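Down below is the structure, laid out as structure tokens.
The values are calculated or read from the model by the stated rules, or taken from the named source; none is laboratory data. From a predicted model like this one, the values you see are computed outputs, not experimental measurements. All Cβ positions, even for glycine, are placed from backbone atoms using ideal geometry, and neighbour counts span all protein chains on display. Side chains are part of the model used for accessible areas, which takes the heavy atoms of the whole protein and leaves out ligands, DNA and RNA. Shrake-Rupley method; radii C 1.70, N 1.55, O 1.52, S 1.80 Å.
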Amino acid sequence: MAETARLRHGPVVPRVESALRAMLAEGRWRPGERLPNEVALAAELGVGRSSVREAVRLLAHDGLVEVRHGSGTYAAEPPTPAAEGDMRRLLRRARLREVYEVRRALEVEAARLAAGRLRPEDIGRLRDRLALREERAGGDPAAFVDADLAFHRAVVELSGNAVLLGLFTSVLPVLRAALVEMVSYETALPDVSCAHAELLDGLARGDADAAIAATVSHLEAVMELFDSEKEVAAP
């Protein structure tokens, strides 16, 4: 099937999520109707069961399906048109905050380790990655996110910790999808270019405290956006 062919290229989980989201929007399953099990969906989409499981988890987080343990996964009642836009924005930001909490846990430690392990030739590589990020700022969201993540992955790689790199790499597909969505739809994103430059400067000087501070500044500037939205939405 054509959709299956598309799913075999690029990050799998976001594509599975998108395919299932489209099927739900098209009314393939009525509200309250049980979806096929993981094995059947994986076979239909040509992906692994773990990819289906993670995509369903994301859809459940967005309120599109209901997972009933021991029973299966069911299509949820769609939101009313009036509330759909606001609810979608709130759910998107809730998911993004979770993504940024994971980023903070991984990237702060990576910055600390990398500051003490970088070689002179590594700095030039990071400068090139950061220059590409700046070049793509304001352009195509996916191209910008790819450049941004390439810079951050390089920092994690230069930490010299294979387990840390493995953890970061494992969350990249979900991270990329969330960031592309954020850059595409959020209109009040803070400019964190300075924090990126300060991170590179701290790494170049071997100053772990400065590298950590720049990493926290970059990530928490965006996380504060999600918190401010939550305060506005609270009754």
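Among the residues of segment 185-199, count how many are under 18 Å from residue 212 (Cβ atoms) and touching a residue at least 24 places away in the same chain (Cβ under 8 Å).
5
Any idea which residue in segment 148-174 is nearest to residue 62 (Cα to Cα), counting only those that are hydrophobic (A, V, I, L, M, F, W, C) and crowded, with 20+ Cβ neighbours inside 10 Å?
174
Report, by residue number, each residue of segment 149-196 that is part of a loop (DSSP other than H, G, I, E, B) and among the small types (Gly, Ala, Ser).
Hits for segment 149-196 are 159, 160, 188.
For segment 132-147, name all the residues that are within 17 Å of residue 17 (Cβ to Cβ) and either open to solvent by 20 Å² or more (accessible area, probe 1.4 Å) or assigned to a loop (DSSP other than H, G, I, E, B) (or both).
Selection gives 142 alone.
Does residue 118 meet the test of being touching a residue at least 40 places away in the same chain (Cβ under 8 Å), more than 18 Å from residue 106 (Cα to Cα), touching a Leu at 6+ places or on another chain (Cβ under 7 Å) and among the hydrophobic types (A, V, I, L, M, F, W, C)?
It is false that residue 118 is touching a residue at least 40 places away in the same chain (Cβ under 8 Å), more than 18 Å from residue 106 (Cα to Cα), touching a Leu at 6+ places or on another chain (Cβ under 7 Å) and among the hydrophobic types (A, V, I, L, M, F, W, C).
(1) modelled with pLDDT under 85; (2) crowded, with 18+ Cβ neighbours inside 10 Å: which one isn't true of residue 25, the others all being true?
(2)
Name the pairs whose Cβ atoms lie under 8 Å apart, with the first residue in segment 46-62 and free of Cβ contacts under 8 Å to residues at least 12 places away in the same chain, the second assigned to a helix (DSSP H, G or I) and open to solvent by 40 Å² or more (accessible area, probe 1.4 Å), and 6 or more positions between them or separate chains?
49/38; 49/39
Among 49, 119, which is the only one that is loosely packed, with under 15 Cβ neighbours inside 10 Å, touching a helix residue (DSSP H, G or I) at 6+ places or on another chain (Cβ under 6 Å) and modelled with pLDDT of 90 or more?
Being loosely packed, with under 15 Cβ neighbours inside 10 Å, touching a helix residue (DSSP H, G or I) at 6+ places or on another chain (Cβ under 6 Å) and modelled with pLDDT of 90 or more holds for just one of 49, 119, which is 49.
Those residues that are within 23 Å of residue 188 (Cα to Cα) and touching a residue at least 24 places away in the same chain (Cβ under 8 Å), I need them from segment 121-150; list them, please.
Across segment 121-150, the qualifying residues are 130, 133, 134, 137, 141, 142, 144, 145, 146, 148, 149.
When you check residue 191 against the structure, is it more than 14 Å from the chain's Cα centre (by Cα), among the charged types (D, E, K, R) and farther than 20 Å from residue 100 by Cβ, yes or no?
no
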